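For reference, the structure discussed in these notes is given below.
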Amino acid sequence: MAVSTLSSIPQIEKILQQTFLAPFIERLSRPVVADAVREQVAQYKTQHLQDPDTHLFSLEQLYHNIEGACWLLNQQRLQRVVNGTGVIVHTNLGRSPINAELWQQVAEVNTHYSNLEIDLSTGKRGKRKGLLQQLMQYLVKGENTLVVNNNASSIYLLLHELAKGKEVIVSRGEQIQIGGGFRIPDILALSGAKLVEVGTTNITTTQDYLDAITDETAMVLIVHTSNFKIRGFTESVDVKELANALPDHVVLAVDQGSGTTTEQMPEEPTVASYIDAGADLVCYSGDKILGGPQAGMISGKDALIQQLEKNPMMRAFRPSRIVYSLLEELVVRKLNQREEGKGVAETKSHADLTCLEQRAEELITGFNEHISVVQSEMIVGGGSLPDQSDPSWSVQINPRQPAFQRSPEKLLAVMRQWPLPVIGVIKRDKVQLNMATIEPSEIPYLRSQLAELLQ
Ligand SMILES: *Cc1c(COP(=O)(O)O)cnc(C)c1O
């Protein structure tokens, strides 16, 4: 009878003592697992009572359901994945991984008290920035630099402080949307600045900007259109010419985006190049080409940076000591031209092509026709270098299973369920793993997973 079998379900506390749940409790916490157990038990009871004939009671089945629910929860935890996409700075995969040596260097300052806001020479309250201002003077040639939580905050801050209630001139060609709902016109509206559009989507000249200037103009904002490029007949403004022509009451701000400094990235104008050309302020992300933690930075004229730092929003946008400590470590190494200071975009985009091919061969050695090495491309990504792809090598999986042949998406999904999830891409209806973004140390793991898949 239904009721008596159901009453044989152990109490929640007893279920939680099952050994198969121990690793989940370890990873997800006891209350979260207890919730999942309660929910699955309730669901199971309902199903069984509604339709006892098809839902025959089985404790094993119930435990199986509980394990499945815990597995789904586990997938929500932030965890390492293998990036097989060939997109080096992939926003969905955490952008730039932080160099392991940098991470170890900052462990001490972050796991102890630190001089975050105390001046060690006077004992008085000090600034959060540490040595960063001086370091950045050498890296980007700006008199001063401030740091916030991301580049969207940089843009908001500079519009809110310098252009609230006034006009900001932006080229029609730069009305861009950068991923997850970040749109320049929206940020402008939120900041209280008024957008004045000039030029056309493909051509904006210095004269277009000058013609739009009124007494109400606070700023010209140039946005480096890094996540797309209008091809063909285009003309974007010469920053130096514009800087020289603008009247004194108009701030020239550039959203450079990628944070390119000393990294060897051809075709990507550096932060310093805009400052050299006469931009008053340049803002950029910390976790794209710069290769650091998530941060937004504004570099440029000292007086303007100091003004921005006094804006009340700065209190909301200021980053943690973790970010400051990582940035300091990173920039010191960039200035000393150390390998660990390069950032993942530079290192990986300059990888030796023969080396990538060898790694692809190593990955497929001993497997049969169900996997092959193919030519492919890598891109920097993360809203940088839109037109530029570099050659790469990938392995292509030609699965024996008809279900995977029909639906490469299914194969991708299976790979995301692997103990260390693997993110592949579909090219010409086949799943590929791009060697540009796969670590050599990940190859043995991939080999053993693929062996299981392809056997
Ligand atoms: C990436 C990017 C942003 C947004 O930066 P976040 O650090 O993600 O907030 C803004 N502008 C440009 C030009 C970008 O490339």
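The values are calculated or read from the model by the stated rules, or taken from the named source; none is laboratory data. Because the structure is predicted, anything quoted here is derived from the model rather than measured. Neighbour counts run over all protein chains shown; Cβ positions are idealised from the backbone, glycine included. Only protein heavy atoms, including side chains, enter the accessible area calculation; ligands, DNA and RNA are left aside. Shrake-Rupley method; radii C 1.70, N 1.55, O 1.52, S 1.80 Å.
Enter the accessible area of Trp71 (Å², nearest 10), with the probe set to 1.4 Å and all protein chains included.
Accessible surface of Trp71 is approximately 80 Å².
Counting only heavy atoms of the protein chains, get the accessible area per residue of the range 125-212 (1.4 Å probe) and round it to a whole Å² value.
Roughly 43 Å² per residue, with all protein chains present.
At 1.4 Å probe size, with every protein chain present, just tell me what the per residue accessible area of the range 6-76 comes to in Å².
For the range 6-76, the solvent-accessible area averages 64 Å² per residue.
Give the peptides 163-169, 403-409 in descending order of average Cβ contacts within 10 Å, highest first.
163-169, 403-409
Under 5 Å between amide hydrogens, which residues at least 5 positions from Ile118 or on another chain qualify, with H placed 1.01 Å from N in the peptide plane?
For Ile118, whose amide H was placed from the backbone, the distant partners under 5 Å are Gly126.
In the range 100-342, what percent of the accessible surface is made up of carbon and sulfur (1.4 Å probe, ligands and nucleic acids excluded)?
Its accessible area is 49 percent carbon and sulfur atoms.
By DSSP, what percent of the beta bridges with both residues in the chain are antiparallel, rounded to the nearest 5?
Expressed as a percentage, antiparallel bridges in the chain total about 55.
Leaving out ligands and nucleic acids, and using a 1.4 Å probe, what accessible area per residue does the range 302-349 come to in Å²?
I get 48 Å² per residue for this part.
Taking the Cα atoms only, what angle lies between the long axis of helix 151-163 and the longest principal axis of the chain, rounded to 10 degrees?
The two axes meet at around 30 degrees.
Roughly what % of DSSP beta bridges within the range 100-342 run antiparallel, to the nearest 5?
Just about 40 percent of them are antiparallel.
Treat every Asp and Glu Cβ in the chain as -1 and every Lys and Arg Cβ as +1, leave all other atoms uncharged, and give the resulting dipole magnitude about the Cα centre to the nearest 20 debye.
Result for the chain is approximately 1120 debye, rounded to the nearest 20.
Run through the DSSP bridge list for the range 236-351 and note the antiparallel percent, rounded to the nearest 5.
Around 55 percent of the beta bridges assigned by DSSP in the range 236-351 are antiparallel ones.
Using +1 at the Cβ of each Lys and Arg and -1 at the Cβ of each Asp and Glu in the chain, identify which of Leu159, Ile98, Leu72 lies farthest towards the dipole's positive end.
Leu72
Can you order the peptides 254-265, 332-343 by their average number of other Cβ atoms within 10 Å per residue, highest first?
The packing order, highest mean first, is 254-265, 332-343.
What is the Cα centroid distance between the range 388-447 and the range 102-168, reported in whole angstrom?
Distance between centres, Cα-based: 40 Å.
Step through the residues of the range 36-52 one at a time and calculate ³J(HN,Hα) from phi using the Karplus curve (6.51 cos²θ - 1.76 cosθ + 1.60, θ = phi - 60°), rounding each to whole Hz and writing x for Gly and Pro.
Couplings: 4, 4, 4, 5, 5, 4, 4, 4, 5, 4, 4, 4, 5, 5, 5, 8, x Hz.
Across the range 8-18, in residue order, what do the Karplus-derived ³J(HN,Hα) couplings come to in whole Hz, using 6.51 cos²θ - 1.76 cosθ + 1.60 with θ = phi - 60° and x for Gly and Pro?
For the range 8-18, the Karplus-derived couplings read 7, 5, x, 5, 3, 4, 5, 4, 4, 7, 4 Hz, x marking Gly and Pro.
Highest first, please rank the peptides 56-69, 389-402, 84-97 by the mean number of other Cβ atoms sitting within 10 Å of their residues.
Ranking the peptides 56-69, 389-402, 84-97 by packing returns 84-97, 389-402, 56-69.
Which of Val282, Gln207, Ala34 sits farthest toward the positive end of the charge dipole of the chain, with +1 on the Cβ of Lys and Arg and -1 on the Cβ of Asp and Glu?
Positive-most Cα among the choices belongs to Ala34.
Calculate for the chain the 222 nm mean residue ellipticity that helices alone would give, adding -39,500 (n - 2.57) per DSSP H run of length 4 or more and normalising by residue count, nearest 500 deg cm²/dmol.
-12000 deg cm²/dmol
I'd like the distance between the alpha-carbon centres of the range 1-77 and the range 275-320, rounded to an integer number of Å.
Centre-to-centre (Cα) distance: 50 Å.
Quick check for me: using +1 on Lys/Arg Cβ and -1 on Asp/Glu Cβ, what's the dipole size of the range 6-76 about its Cα centre, in debye to the nearest 20?
220
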